1. Would you tally the net charge around residue 69, using a Cβ to Cβ cut-off of less than 11 Å, leaving residue 69 out, and scoring K and R as +1, D and E as -1?
2. Within the chain, which is the longest segment containing none of the trypsin sites (Lys or Arg not before Pro) that sit in a DSSP loop and have at most 15 other Cβ atoms within 10 Å?
3. Over segment 24-93, consider all pairs of different Cα atoms and compute the Kirkwood hydrodynamic radius from their mean reciprocal separation; express it in Å, one decimal.
4. Kindly provide the helix-only [θ] at 222 nm of the chain, computed as the sum of -39,500 (n - 2.57) over DSSP H runs of four or more divided by all residues, to the nearest 500 deg cm²/dmol?
5. Which distance in nm do the two modelled labels at residue 47 and residue 93 give, with both placed 7 Å along the Cα-to-Cβ direction?
6. Would you mind getting the accessible area per residue of the chain, heavy atoms of the protein chains only, 1.4 Å probe, in Å²?
7. To the nearest 0.05, what FRET efficiency results for residue 30 and residue 75 with a Förster distance of 22 Å applied to their C-beta separation?
8. What distance in nm lies between label points placed 7 Å from Cα along the C-beta direction at residue 15 and residue 83?
Amino acid sequence: MSVETIEKRSTIRKHAPRYRVLLHNDDYNSMEHVVQTLLQTVASLTTPQAVDIMMQAHTQGVALVITCAQEHAEFYSETLKTHGLLSTIEPDE
């Protein structure tokens, strides 16, 4: 068998599908509670980012919190819900 006949195999890494964690506006939680919950839930957020997310959800009805792997997205969304916030996830297409 010559080198030419050996099929070369390449490893192609396929990235895990990413998901968006969305925060929805509600009429129940204070702005301060929302910001604090975001900061406690998503450690990578800064206070200005958390305020921006809260304000976007407040004014536009929904805001993107973070985009990440599905398992992390589910965790973040469930944690936000545990603290009384409205959150969903969707595929990041």
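The values are calculated or read from the model by the stated rules, or taken from the named source; none is laboratory data. Source: prediction; values computed, not measured. Cβ atoms come from the backbone with ideal geometry, glycine included; neighbour counts cover every protein chain shown. These accessible areas exclude ligands, DNA and RNA; they are computed on the full protein's heavy atoms, side chains included. Shrake-Rupley method; radii C 1.70, N 1.55, O 1.52, S 1.80 Å.
1. Every neighbour counted, the sum reads -2.
2. With a cap of 15 other Cβ atoms within 10 Å, the longest stretch comes to 15-93.
3. 12.0 Å
4. Taking each H run of at least 4 residues, the total per residue is -13000 deg cm²/dmol.
5. About 3.9 nm separates the two model spin labels.
6. 74 Å²
7. 0.40
8. Each label point is offset 7 Å from its Cα along the Cβ direction, giving 2.7 nm.
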